[in-house]
Amino acid sequence: MPPCSLRWVELDLGADGAALTAALTDVASVSGDEGPLADAIESALRGLPHLSVHRNGNALVARTSLGRPERVILAGHIDTVPLADNIPSFVDTERERLYGCGTSDMKSGVAVQLRLAAALADPSRDVTYVFYDCEEVAAERNGLLRLSHQAPELLAGDFAVLLEPSGGVVEGGCQGTLRAVVTAAGARAHSARAWMGSNAIHSAAGILDVLRGYVPREPVVDGLRYREGLNAVAISGGVAGNVIPDVCEVTVNYRFAPDRSCADAEAYVRSVFPAWEVSVLDAAPGARPGLAHPAAAAFVSAVGGTPRSKLGWTDVARFAELGIPAVNYGPGISEIAHTAGEYVEIPKIAECESALRSWLTPR
């Protein structure tokens, strides 16, 4: 029976990072079905006497309570996108890669969290380890959001590191995202007498022309350059095979830099499409890098490298809403997340753990 079918597994937190990542990967945890993996993580954490462990649904929070002047949060989601016949995991020894669903996004990051939780009984800062569910699905199901509403005291801290895949590079902040429907209107008519109507699908060409001519804004925010994006992601229209359509809707997605609020983003999208009706479907704010914060600066100094902007939305935005500066830093590769051939570079797991361990170890 393959590991993916097991309903219970015992995690060995003393295993090396790659082996622990493989063990986590082989427990299927598609969004909404994280229970078995949450059970295994909870069992492993409750065996660590230096941590207090709290469970909320399929989210877990483990905390040290050493009275340190600073508390940091290491957070990661335990769910994955649906499987693509890509567990159990396997290793390509020649290229030093571990393949499997979630290896990059983000069970390698979770493995780093767990190894640090087990090894650091006396860290230089108090640490809160957060393992949460339903990140890969609709925002209202997000376990971190649920924790922020139901148990915000568990998320209190001075600085947070989200172990999202970043290739071992510090990625500051994140972009905001907005989806809107831009509607081209027409008038119905029989297709045999098309001149008596106005074809909304034809009129939508103007919307697409605007998108083709779009020039991305590239603002520098807190020292990091972001590249925005405005793209059509869906189009719908048509009534019947013999009817000139009176409505055609183009759904657009605007990825905006964190110097703009959701209200700013909406105003911008409306300004881009002044000749059409615009209806906003949803929006989520971004997060500024916050690298000037002393805790963030100390973190960047400890892990080294040159920070870059995060092109995409992550849960650092949720920490920003809580007033906690946060960065993305993990061993996975964001560009191959969610693919059938997802993998993590094995050396990056150890590198990421080593950098975080150095940052959290008393001098």
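The values are calculated or read from the model by the stated rules, or taken from the named source; none is laboratory data. None of these values were measured; they are calculated from a predicted model. Virtual Cβ from ideal backbone geometry, glycine too; neighbours counted across all protein chains shown.
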So, first residue closer than 21 Å to V272 by Cα in the range 219-237, second residue surrounded by fewer than 14 Cβ atoms within 10 Å (Cβ to Cβ) and among the charged types (D, E, K, R), Cβ within less than 8 Å, six or more apart or across chains; the pairs are P219/R225; Y226/E218; R227/E218; E228/E218
Of E70, E42, which residue is of a type in the set (D, E), under 23 Å from R125 (Cβ atoms) and in the same structural domain as N328 (by TED's automatic domain parsing)? E70
Specify the residue that is nearest to L60 (Cα to Cα); the eligible residues are those in the range 76-97 that are in contact (Cβ under 8 Å) with a residue 60 or more places away in the chain, of a type in the set (V, I, T) and out of contact with any helix residue (DSSP H, G or I) (no Cβ under 7 Å at 6 or more places or on another chain). V81
Within the set of pairs 6+ apart or on separate chains, which have a first residue in the range 28-48 that is within 17 Å of V81 (Cβ to Cβ), a second that is among the basic types (K, R) and part of a helix (DSSP H, G or I), and C-beta atoms under 8 Å apart? S31/R141; G32/R141
Can you name the residue in the range 312-323 that is surrounded by fewer than 22 Cβ atoms within 10 Å (Cβ to Cβ) and in contact (Cβ under 8 Å) with a residue 24 or more places away in the chain and, of all such residues, is nearest to the chain's Cα centre (by Cα)? W313
Within the range 219-239, residues being touching a strand residue (DSSP E or B) at 6+ places or on another chain (Cβ under 6 Å) and among the acidic types (D, E) number 1
I'd like to know if the range 255-268 contains one or more residues that are in contact with a helix residue (DSSP H, G or I) (Cβ under 8 Å, 6 or more places away or on another chain), surrounded by 17 or more Cβ atoms within 10 Å (Cβ to Cβ) and assigned to a strand (DSSP E or B). yes
How many residues are crowded, with 20+ Cβ neighbours inside 10 Å and not in a loop (DSSP other than H, G, I, E, B) if we restrict to the range 324-344? 6
Quick check, is A292 of a type outside the set (S, T, Y), loosely packed, with under 15 Cβ neighbours inside 10 Å, in the same structural domain as E70 (by TED's automatic domain parsing) and more than 18 Å from L74 (Cα to Cα)? yes
Looking for something out of contact with any Pro (no Cβ under 9 Å at 6 or more places or on another chain), at pLDDT 95 or above and among the polar types (S, T, N, Q) - is there at least one such residue anywhere in the range 16-25? no
Mind listing whichever residues of the range 4-44 are within 15 Å of D133 (Cβ to Cβ), in contact with a strand residue (DSSP E or B) (Cβ under 7 Å, 6 or more places away or on another chain) and of a type in the set (A, V, I, L, M)? V30, A38, I41
Selection over the range 323-354 where residues are more than 14 Å from S108 (Cβ to Cβ) and among the hydrophobic types (A, V, I, L, M, F, W, C) yields a count of 4
If you go through the range 181-212 one residue at a time, how many are assigned to a loop (DSSP other than H, G, I, E, B) and closer than 15 Å to P274 by Cα? 1
Identify, by number, the condition in (1) surrounded by fewer than 19 Cβ atoms within 10 Å (Cβ to Cβ); (2) assigned to a loop (DSSP other than H, G, I, E, B); (3) of a type in the set (D, E, K, R) that E153 doesn't meet. (2)
Looking at the structure I just gave you, is V280 outside the structural domain of T21 (by TED's automatic domain parsing) and surrounded by 15 or more Cβ atoms within 10 Å (Cβ to Cβ)? yes
